1. Given the chain reduced to its alpha-carbon atoms as identical point scatterers, what log10 I(q)/I(0) does the Debye formula return at q = 0.12 Å⁻¹?
2. Could you tell me the calculated FRET efficiency between Asp90 and Glu42, based on Cβ-Cβ distance and R0 = 22 angstrom, to the nearest 0.05?
3. Report D for the stretch 42-180 in µm² per second (integer): Stokes-Einstein, Kirkwood Rh on Cα pairs, 20 °C, 1.002 mPa s.
4. Using the Cβ atoms and a cut-off under 12 Å, what net charge is assigned to the surroundings of Arg201, where Lys and Arg are +1 and Asp and Glu are -1?
5. For the residue pair Ser123 and Ser10, what label-to-label distance in nm results when each label sits 7 Å from Cα along the Cα-to-beta-carbon direction?
6. Starting from the 7 Å offset along Cα-to-Cβ, what nm value, one decimal, do you get for the label separation of Arg106 and Arg57?
7. Quick one: compute the contact order of the stretch 29-101, relative version, from alpha carbon pairs under 8 angstrom and 6+ residues apart, as a percent.
8. Where is the GNM fluctuation largest for the chain (alpha-carbon springs, 10 angstrom cutoff): Phe94, Phe34, Phe72?
Amino acid sequence: MSDSILQLRSAVEGLYATSHVGDATEARRVFADFRARLTSGEIRAAEKIVGENGEARWITNPWIKQGILLGFRLGVLKEMSDGEVFTFIDKDTFPARRLTLDDRVRLVPGGSSIREGAYVAPSVICMPPMFINVGAYVDEGTMIDSHALVGSCAQIGKRVHLSAAAQIGGVLEPINAAPVIIEDDVLIGGNCAVYEGTLVRAQAVLGAGTILTRSTPLYDLVRGEVYRATPERPLEVPENAVVVPGSRAVTKGKGKGDEWGLSLYTPVIVKYRDEKTERGIELEEWLR
């Protein structure tokens, strides 16, 4: 971490901790610097590090969420518009981001919005209408399809496809809560929902309608295992896993669940990626 980022972190943490911001002008200057670095991808809410044993793991940077919350605290409601048609009212510290050709992001017309403080890499494709919230990180070659949401602080890897109506949840509180992380080359099917810090490892495939949360056990039919979140770790989808919506029987007492014929929704790993899967989900490079 560079000296300038260390200084920024110290300033953000100090302002967040105080109950009263004395010099609002200086506080806004600190926040403007913070937001600009978020937008450029220089700082992010979570990052992947490799330990001495070669094992890669994700760590959360709580001070990033502190900075975002500071922005809400400093901001005042302001009416913003682009001509006479598109108008909205929000905190003046979080205006909509205005892309330029230099950003090399394809933003197709039709009502999409990206907030300042969200990093969107070159070659990302945004299909209307979609929304990327503050603190999100969207890496190269990713496609965000119509009616898809990338929530605050969500981390999206390279060449990810978020299909129509996919919901990637955001998190700002509690401060130390991990954001949703989608690693490289993941396919998220239509109407999927990934919430509460779930980690989807590289090249996984979520079939249409799959929902993942901290309280949802994930059944692996291939390996005969059940994956669950713990107080220390989020729910984690293994690399290359192909997950589809399923169900499991409810049992209560002595077979009462069976008597009622009830079942609960459960995501299920039905296989791991193979040649057939690759053909079915191949991304068209010409689109990018």
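Computed from the coordinates by the stated procedures, all read-outs in this text should not be read as laboratory data. Predicted model, so just to flag it, every value in this text is computed and none were measured. Positions of Cβ are backbone-derived with ideal geometry, glycine not excepted, and every protein chain shown enters the neighbour counts.
1. Taken in order of the listed q values, log10 I(q)/I(0) reads -0.82.
2. Numbers: r = 24 Å, r/R0 = 1.08.
After rounding to 0.05, the efficiency reads 0.40.
3. Working: Rh = 15.8 Å.
D = 135 µm²/s.
4. Details: positive: Lys48, Arg57, Arg273; negative: Glu183, Asp184, Asp185, Glu236, Glu239.
Local net charge: -2.
5. 3.9
6. 3.9
7. Values: 67 pairs, mean separation 14.9, N = 73.
Averaging sequence separation for qualifying contacts and normalising by length gives 20 percent for the stretch 29-101.
8. Among Phe94, Phe34, Phe72, the largest mean-square fluctuation in the Gaussian network model of the chain belongs to Phe72.
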